[in-house]
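Below: the structure, in structure tokens.
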Amino acid sequence: MDDTRTRIISATMKAVRQYGLEGMRIQNVSDLAGISPGAIYRYFDGKDQLIRECFTCVDRQAAAIFDQLEFQPSVMFTDPIGAVKQLWLPYFRFWVAHPDETVFYHRFRDSAFFPEYDWNRKVTYFDTFTGIVRLFRDTFPGLKRMNQELLWLHVLTSTVMYAKYVVEGILADDQETEDAVFQLLMTGLSGYLKPENPV
């Protein structure tokens, strides 16, 4: 990605963290990026497009976590909760390590902008994650009894929400928080992680 474009996107997320989605202005972004407002308009049509591009950028970064994992499917049979944690932990730690992105992402998903954006977006960059979800569903047929959209929405958005609490200082950034958040997420899921034909 072009360096100036990257600076604009980074500054936008910082501005949203400081001023909120509604309060953020192009001038705030130009101040934080150290460029003129006119330079921003060479890359983006306006605030709405800029915000959508920021979300796509962060969404792609989050999806890339699953592309980089060396996931061993056999672990699902011997330690299903451990298998979930092996996938979840890098995702949670990504958000905790990127405070501006986390606050931005959470605010955008909760905003009036998101439903229309979500309706029209193509998320092929989440193909690896989708494949892993399919693998879990095939291994643990009980998962099919749950509303899949609701299940994974719960896991992913709850993870971002708890990470936001960490970056805002509401929760401690420590092992105890990590373990507690994971335990909360797994409480509703663990009963479904039973293979049809255990090995």
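Scanning the stretch 112-125 for residues that are open to solvent by 80 Å² or more (accessible area, probe 1.4 Å) and either in contact with a helix residue (DSSP H, G or I) (Cβ under 6 Å, 6 or more places away or on another chain) or polar (S, T, N, Q) (or both) yields Asn120, Thr124.
Kindly indicate which of Asp110, Asp118 is of a type in the set (Asp, Glu) and over 18 Å from Gln61 (Cα atoms). Break it down into steps so the answer makes sense when it comes.
Details: Asp118 fails: over 18 Å from Gln61 (Cα atoms).
Of Asp110, Asp118, the one residue that is of a type in the set (Asp, Glu) and over 18 Å from Gln61 (Cα atoms) is Asp110.
Looking across Thr139, Thr102, Thr128, one residue alone is of a type in the set (S, T, N, Q), in contact with a Pro (Cβ under 7 Å, 6 or more places away or on another chain), surrounded by 15 or more Cβ atoms within 10 Å (Cβ to Cβ) and closer than 20 Å to Phe66 by Cα. It is Thr139. Residue check: Gln86 meets all listed conditions (1) over 13 Å from the mean Cα position of the chain (by Cα); (2) within 24 Å of Lys14 (Cα to Cα); (3) open to solvent by 60 Å² or more (accessible area, probe 1.4 Å) but one, namely (2).
Summed over the stretch 1-33, the residues that are open to solvent by less than 60 Å² (accessible area, probe 1.4 Å), out of contact with any helix residue (DSSP H, G or I) (no Cβ under 6 Å at 6 or more places or on another chain) and not β-branched (Val, Ile, Thr) give a count of 4.
Restricting attention to the stretch 105-151, which residues are in contact (Cβ under 8 Å) with a residue 40 or more places away in the chain and of a type in the set (A, V, I, L, M)? Selection gives Val123, Ile132, Leu135, Leu143, Met146.
To keep it simple, each residue is scored yes or no on (1) aromatic (Phe, Trp, Tyr); (2) at pLDDT below 95.
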position: Ala39; (1), (2): no, yes
position: Asp59; (1), (2): no, yes
position: Ala83; (1), (2): no, yes
position: Leu87; (1), (2): no, yes
position: Glu101; (1), (2): no, no
position: Phe104; (1), (2): yes, no
position: Arg109; (1), (2): no, yes
position: Phe114; (1), (2): yes, yes
position: Asp118; (1), (2): no, yes
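Looking at the structure I just gave you, is Ala97 open to solvent by less than 60 Å² (accessible area, probe 1.4 Å), without any contact (Cβ under 8 Å) to a residue 60 or more places away in the chain and within 22 Å of Val167 (Cβ to Cβ)?
Working: open to solvent by less than 60 Å² (accessible area, probe 1.4 Å): no; without any contact (Cβ under 8 Å) to a residue 60 or more places away in the chain: yes; within 22 Å of Val167 (Cβ to Cβ): yes.
So Ala97 does not fit the description; no.
One residue stands out among those in the stretch 157-199 that are outside any loop (DSSP other than H, G, I, E, B) and of a type in the set (Gly, Ala, Ser): the one that is modelled with the highest pLDDT, which is Ala163.
Counting only residues that are open to solvent by less than 60 Å² (accessible area, probe 1.4 Å) and part of a helix (DSSP H, G or I), the stretch 54-80 holds 14 of them.
Restricting attention to the stretch 143-157 and to residues that are surrounded by 15 or more Cβ atoms within 10 Å (Cβ to Cβ) and not β-branched (Val, Ile, Thr), the residue that is farthest from Gly82 (Cα to Cα) turns out to be Met146.
For the stretch 81-121, how many residues meet the condition of being within 14 Å of Ile51 (Cα to Cα), in a helix (DSSP H, G or I) and among the hydrophobic types (A, V, I, L, M, F, W, C)? Residues meeting the conditions: 5.
The values are calculated or read from the model by the stated rules, or taken from the named source; none is laboratory data. Just so it is clear, the structure is predicted and the values come from calculations on it, not from any experiment. In this analysis, Cβ positions are derived from the backbone assuming ideal geometry, glycine residues included, and neighbour counts consider all displayed protein chains. Quick note on the areas: whole protein, heavy atoms, side chains included, nothing else; ligands and nucleic acids left out. Shrake-Rupley method; radii C 1.70, N 1.55, O 1.52, S 1.80 Å.
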